[in-house]
Amino acid sequence: MKNNYPKVTVVIPTYNRSQLIQRSINSVLNQTYKNVELIVVDDSDDDTEIKVKEIKDERLIYIKNSQRMGVSKARNMAIKISTGELIAFQDSDDEWYNDKLEKQVNLLLKSSPRVAAVYCGQEFFDITTGEKTGIELTEINFRKSYAEGFLQTPATQTVLIKKSVLNEVGYFDERLRAAEDTELAIRVSKKYLYAFVKEPLIKVARNHDSLMGNAKNYLYAYDLIYEKHKDFLSNKILFGLCKVLANYWILKGDYKKAKGYIKKSLEHQLELKTLAQYSAIVIAPFLLKYAHSKKYKNGIPHPTQPGKIIEDDRKDF
């Protein structure tokens with residue numbers, strides 16, 4: 001990096017968040033770290049444009065898309081035109097504490113060259129009541145996590161990353177409409193490390209119209225992650241990805257696809273339950289589907305993250 005105060009480009013993709021966007025933008029522009037440009041990429045069909053243009057700051061760049069591009073394309077568009085040496089991501093419904101960038105840049109500057117990015121803790125708040133509902137301060141060695149069997153991801157809005165690293169490993173995969181942050185984190189972790197500021201530097205809004213990928217989008221993402229990164233991820237993760245894909249296709253009644261994923265899962269981990277599942281899909285697939293519909297009536301368990309489920313009725317970004 002060229003100097004002790006590298007420019008940070010902050011990227012905010014947004015879709016119909018006119019009631020929240022100004023708070024998000026102002027939390028970036030009011031940072032104690034001043035060498036910032038902010039690029040807002042707007043997919044909205046509400047009055048978000050009016051709200052953004054009410055803010056007068058020469059560091060603010062606004063891009064209005066003529067058609068909805070989705071979060072990955074929107075972020076990539078901003079990264080391509082950015083002039084910062086560092087890239088940070090903000091969500092249009094969240095709020096940064098005013099020293100977020102200062103603390104992250106300082107840590108990155110004093111870290112080893114092997115550190116490509118810095119992420120931070122988060123606090124969660126109910127958007128309606130303002131009540132604090134939780135905090136996340138867990139530091140994770142993502143490279144080690146992928147080797148040991150946990151498909152974890154630094155939340156995108158917490159990440160500050162070197163643009164040179166993104167130019168090297170590639171930007172967000174625009175084919176993905178879910179788990180695009182996980183896939184990028186895997187690529188970064190193959191070559192680099194993340195550092196962590198063990199403080200909550202972001203206020204995350206909950207209990208409103210959060211946009212999440214539906215089950216089909218997640219399953220497409222898991223299939224792509226499996227194919228792109230099976231040489232890097234642990235057998236435990238690969239087994240979990242194949243099993244969740246198999247369970248999905250059993251529920252959809254595509255037994256040929258399901259059988260293929262069960263066979264792949266067994267290549268990564270021999271398990272009696274999975275062997276029994278394979279026998280069942282060969283002998284009595286309709287009974288297996290019925291049993292799965294009862295077992296997974298609330299959604300399919302997330303691969304390698306116990307307690308999380310993939311619902312089939314979420315909004316598609």
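The values are calculated or read from the model by the stated rules, or taken from the named source; none is laboratory data. Predicted model, so just to flag it, every value in this text is computed and none were measured. Cβ: placed from backbone, ideal geometry, glycine included. Neighbour counts: every protein chain shown. What goes into the accessible areas is simple: the full protein's heavy atoms, side chains included, and nothing from ligands, DNA or RNA. Shrake-Rupley method; radii C 1.70, N 1.55, O 1.52, S 1.80 Å.
A few comments on the model shown:
- In sequence order, calculated HN-Hα J values of segment 161-177 (Karplus, 6.51, -1.76, 1.60; Hz; x Gly/Pro): 9, 5, 5, 4, 5, 4, 4, 7, 8, x, 8, 5, 6, 6, 6, 8, 10
- Computed over the chain, the per-residue total of -39500 (n - 2.57) for DSSP H runs of n ≥ 4 gives a 222 nm mean residue ellipticity of -12000 deg cm²/dmol, rounded to 500.
- Taking amide hydrogens as placed 1.01 Å from N in the peptide plane, the amide H of Ile61 sits under 5 Å from those of Leu38, Ile39, Val40, each at least 5 positions away in sequence or on another chain.
- Whether segment 101-168 is rounded, prolate or oblate, judged on the alpha carbon gyration tensor where a/c under 1.5 counts as rounded: oblate
- Shown here for segment 272-302: trypsin sites (Lys or Arg not before Pro) in loop regions (DSSP other than H, G, I, E, B) with at most 11 other Cβ atoms within 10 Å, namely Lys297.
- Mean accessible surface per residue for segment 161-276, computed with a 1.4 Å probe while every protein chain stays in place, in Å²: 44 Å²
- Considering only the chain, percent of DSSP beta bridges that pair antiparallel, nearest 5: 30 percent
- Three-way shape call for segment 231-284 based on the alpha-carbon gyration tensor, with the a/c threshold at 1.5: oblate
- Farthest towards the positive end of the charge dipole of segment 57-212, among the residues Ile127, Gln90, Leu151, is the Cα of Leu151, using unit charges on the Cβ of Lys, Arg, Asp and Glu.
- For segment 142-202 and segment 224-299, distance of Cα centres in Å: 27 Å
- For the peptides 27-33, 156-162, the ranking by mean Cβ contacts within 10 Å, running from highest to lowest, is 156-162, 27-33.
- Whichever aspartates and glutamates have a C-alpha closer than 20 Å to that of Lys294, once near sequence neighbours (fewer than 8 apart) are set aside: Asp254, Glu311, Asp312, Asp313
- Placing +1 on the Cβ of every Lys and Arg and -1 on the Cβ of every Asp and Glu, with no other charges, gives the chain a dipole of roughly 1220 debye about its Cα centre.
- Here the calculated FRET efficiency for Lys257 and Asp231, from their Cβ-Cβ distance with R0 = 22 Å, stands at 0.45, rounded to the nearest 0.05.
- Sparsely packed GluC sites (Glu not before Pro) within segment 18-60, loop by DSSP, other Cβ within 10 Å at most 15: Glu54, Glu58
- Among Arg59, Arg75, Arg114, the sequence by solvent-accessible area, most first, with a 1.4 Å probe is Arg114, Arg59, Arg75.
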